[in-house]
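I have placed the structure first, in the form of structure tokens, so that the comments after it can refer back to it.
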Amino acid sequence: MLRHLPGLLLLLWQLLLLLPRAVPGPLDRPGFLRLGTRGPGGSPGRRPAPAAPTGTPYSGAGQHGGARGAGVCKSMPLDLVFIIDSSRSVRPLEFTKVKTFISRVIDTLDIGPADTRVAVVNYASTVKIEFHLQTHSDKQSLKQAVARITPLSTGTMSGLAIQTAMDEAFTVEAGARGPASNIPKVAIIVTDGRPQDQVNEVAARAQASGIELYAVGVDRADMESLRMMASEPLDEHVFYVETYGVIEKLSSRFQETFCALDPCALGTHQCQHVCVSDGEGKHHCECSQGYSLNADKKTCSVINKCALNTHGCEHICVNDRNGSYHCECYEGYTLNEDRKTCSAQDQCALGTHDCQHICVNDRAGSHHCECYEGYTLNEDKKTCSVRDQCALGSHGCQHICVNDGAASYHCDCYTGYTLNEDKKTCSAIAEARRLISTEDACACEATLAFQDKVSSYLQRLNTKLDDILEKLQANEYGQIHR
């Protein structure tokens, strides 16, 4: 019976290992985030930020489940050191889960000499720096180096691990960037046990040197020790997971923690026209075509292209509201098909000259007015006034038209004629005397006969004069309009 005792003890030990582990009492205390069965939303180290506007065409790097909407953030540059517990309490499969968690976090970051640099400090009773911040500058080599890490031994010297990270990993010689760079120094410590050395003082020194500490506890981790190691506020820097099987889920939480918000995607940029993301949460404003950026680097003003003298307009450049321009021409010109040069208009042919009598085109695309013969151009340079009505031939005088000035006239007769009562026609004096001598001037019949003959003569003369006047007017009109 005794010879079977070692085998029974070994079987009993294996059964005990399969029993569920007890949950530590301090889990119910405030000041840490628990992940597994329950846990509040939000991101570690950062308050939840507003969601990105829908349809924003930005795309962030390395987005995974649980991260903010695509494009709202880009990982900020960090000097990031993982401090991982590989004591014997961490089983090989669990240690693989820790390495997977580290690789997942690396996937969410922008890795490079000018972006995030990563180092790993492995500890148990001893401390080993697996690789420094300057060792790897791309994700592939980083993840391959993480995969090659092996557990150390017994013991949980968390304080020594933090001190080693501060003294050897976060140095300029090891690849950390100096204070002038303003690159945050961040350490994430992962442990499942109680530290076997003092952690509160060394953690305080690390934080005083500018290192931000996050503490991730797994399973039987001592919550009070996690709180002593982590930076303030504790509810943003202390995390707990019940098993290593769910530690990978923390990668998305840390992605949000290390997220540099993109103000262009969030719509908080205050750029009047165009917001351009520069990375690391920075941006600058630009203006639409035809506008220039004002001194406030946010608003835009229309560029006066006409003032730049690059418009190419032959005559007049006119600025438009949208920062563009168009060309116009001087009066008397029309814009050509090239929308820049101008050609002279024939305003006389267009009938837009307003001349009362005659329109005359000038070479420069302009015109001037003139008057018919016998008229003078008035001061308005468009209308005309009579200058010599006798010269016009419309006076109605049978023999002679005499100009009296000021646009007036009177009629006169040739020698041997006398002006009739109408002040226009004339009668021969000798004919009148002959008629008087051949008739009995005292007789009534003789007087009537004389009047009839005179009237007949006058009527025939008037008819002939009318014909002559019509011919003269027709001839003068023809000369004017040739």
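The values are calculated or read from the model by the stated rules, or taken from the named source; none is laboratory data. Remember, it's a predicted structure, so these values are computed and weren't measured experimentally. Cβ atoms come from the backbone with ideal geometry, glycine included; neighbour counts cover every protein chain shown. Heads up: the accessible areas ignore ligands, DNA and RNA and are worked out on the full protein's heavy atoms, side chains in. Shrake-Rupley method; radii C 1.70, N 1.55, O 1.52, S 1.80 Å.
A few points about this structure:
- Qualifying residue in the range 197-214 (condition: under 17 Å from residue 134 (Cα atoms) and not in a strand (DSSP E or B)): no
- For the range 347-428, the strands (runs of 3 or more DSSP E) that sit wholly inside it and include 2 or more residues that are under 60 Å from the mean Cα position of the chain (by Cα) are 358-361, 367-370.
- Residue within the range 377-395 that is of a type in the set (S, T, N, Q), touching a His at 6+ places or on another chain (Cβ under 8 Å) and farther than 22 Å from residue 467 by Cβ present: no
- Some residue of the range 273-281 being assigned by the TED database to the domain that holds residue 112 and either open to solvent by 60 Å² or more (accessible area, probe 1.4 Å) or within 19 Å of the chain's Cα centre (by Cα) (or both): no
- Residue count, the range 207-238 (criterion: within 12 Å of residue 192 (Cα to Cα) and either open to solvent by less than 10 Å² (accessible area, probe 1.4 Å) or small (Gly, Ala, Ser) (or both)): 8
- Residue check for residue 271: modelled with pLDDT of 90 or more and assigned to a strand (DSSP E or B): no
- Matching entry among 114, 119 (being among the small types (Gly, Ala, Ser) and open to solvent by 10 Å² or more (accessible area, probe 1.4 Å)): 114
- Residue ID - nearest to residue 207 (Cα to Cα), chosen from residues in the range 152-170 that are in contact (Cβ under 8 Å) with a residue 12 or more places away in the chain and out of contact with any strand residue (DSSP E or B) (no Cβ under 8 Å at 6 or more places or on another chain): 163
- Counted residues, the range 374-409 - those being in contact with a Leu (Cβ under 9 Å, 6 or more places away or on another chain) and open to solvent by less than 40 Å² (accessible area, probe 1.4 Å): 6
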